[in-house]
Amino acid sequence: MEEEKRELSVEVLNSIIPFSGVAERSEGILQRGTAVQKVQTSYVTAVAVQKPRVFSEFTANILAEAKLAGSSFYYRWKVKDKKTQRESIVEGASIDLAMCCARNYGNCVIDVEEEETLSDYKFKGTFIDLESGFTCPRLFKQRKKQNVGLDDLGRTEDIVYQIGQSKAIRNAIVRAMPSWLLEQAIETATQAEITRIKPENIAIARARSFDFFRQYGITKERMEGKVGRKLDEWTPSDIVDLRGMATALKEGRITAQELFPEMQTEKSDETIGVTKRRQKNPKPTPPEPEPTPVVESRLEQEVSAPAPCPNQPQTTYTRKYCDDCPERPGCPVWKAYDNDKQ
């Protein structure tokens, strides 16, 4: 008896539910081809896979990619302790290196959960190794008011959200990866970056580093103060460190003003210069004011002369009248009066 042929209709095709790869939240066993999968949570842990992970191939692929990636695989900058004045280096794997690790690791899931408050976003990044069942969650809080150098509030909010999400993913992956492997990848990327800076193109590398940070309002003097050398003297190692700072800046880990703070010596030198100029050219001493002439009071001016006027013996004038007389300087009456007074 021939089998009855069924014609596929639109209704039949629409009723088929495709497998998404994520199992439902229930206990049980799922059979998918040749791989047996046990469902314990919202993730499916593979008990057997068709192509198991080979760790030697995984590490070799990451180090090979690090040689090509260079400075995009690490961030680096120096900080100084305000109390001890000692410098230390902040260094780590960038988001690009974390994604490289997850891509080459294979058979894994990175899940992100988000919770929003009035002041920040709280992300929970979780790395799940579907082959071994290893799960590594990491929490990250991203403040909403982070300065990204834009005036557009809507775009700033979008960028801040993406920065927080990327950091949550990066933190979960980096925490799950072997630390020695990340250190080797950063060292390989650093050496590859140094090798690319040849003596014949170091001037171009210096100019590009300066042009990048100049976009963020950083002056040449502040960059030279941070590096500790003039721009024309920057070495390949200095440029590699600056490129690590650029990666940190692009990932939102630190601001340009924090990377290149204003040098305290700039203000002190200016103050010293003003002081030296003042000592060299002191201000002239103002002349002493002339003594104010004594003005006799009106009462003294109304007092009568000590004796009658020599020209008019019958009249005794006031002192004010005698002072206005043209013959006052040689008047015998007042001359005798002044001698008696002395």
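The values are calculated or read from the model by the stated rules, or taken from the named source; none is laboratory data. Predicted model only: the values in this text are computed from it and were never measured. Neighbour counts run over all protein chains shown; Cβ positions are idealised from the backbone, glycine included.
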Looking at the stretch 166-197 only, could you name the residues that are within 17 Å of L68 (Cα to Cα), within 27 Å of the chain's Cα centre (by Cα) and of a type outside the set (A, V, I, L, M, F, W, C)?
E183, E187, T190, Q191, E193
Go through (1) of a type in the set (G, A, S); (2) over 29 Å from D238 (Cβ atoms); (3) at pLDDT below 90 for G149 and report which single condition fails.
(2)
Can you find even one residue in the stretch 72-95 that is more than 30 Å from L259 (Cα to Cα) and of a type in the set (A, V, I, L, M)?
no
In the stretch 115-165, residues that are in contact (Cβ under 8 Å) with a residue 12 or more places away in the chain, over 24 Å from the mean Cα position of the chain (by Cα), exposed (fewer than 14 other Cβ atoms within 10 Å of the Cβ) and on the phi < 0 side of the Ramachandran plot total 1
Return the only residue of L242, L231 being at pLDDT 90 or above, in contact with a helix residue (DSSP H, G or I) (Cβ under 8 Å, 6 or more places away or on another chain) and surrounded by fewer than 17 Cβ atoms within 10 Å (Cβ to Cβ).
L231
R208 being within 21 Å of the chain's Cα centre (by Cα) and either within 21 Å of L249 (Cβ to Cβ) or at pLDDT below 90 (or both)
yes
Just need a number here: residues in the stretch 91-114 that are under 29 Å from S71 (Cβ atoms) and loosely packed, with under 15 Cβ neighbours inside 10 Å.
1
Just checking, which of C100, C136 is within 30 Å of Y216 (Cα to Cα) and either assigned by TED's automatic domain parsing to the domain that holds Y74 or assigned to a strand (DSSP E or B) (or both)?
C100
Within the stretch 52-84, residues assigned to a helix (DSSP H, G or I), of a type in the set (F, W, Y) and touching a helix residue (DSSP H, G or I) at 6+ places or on another chain (Cβ under 6 Å) come out as F58, F73
Does I194 qualify as being closer than 22 Å to R103 by Cβ and either part of a helix (DSSP H, G or I) or touching a His at 6+ places or on another chain (Cβ under 9 Å) (or both)?
no
So how many residues does the stretch 198-218 have that are part of a loop (DSSP other than H, G, I, E, B) and surrounded by 15 or more Cβ atoms within 10 Å (Cβ to Cβ)?
1
Filter result for P178 (more than 30 Å from F123 (Cβ to Cβ) and either in the same structural domain as G125 (by TED's automatic domain parsing) or not polar (S, T, N, Q) (or both))
no
Pick from E187, E258, E233: which is over 20 Å from G92 (Cα atoms), without any contact (Cβ under 8 Å) to a residue 24 or more places away in the chain and acidic (D, E)?
E233
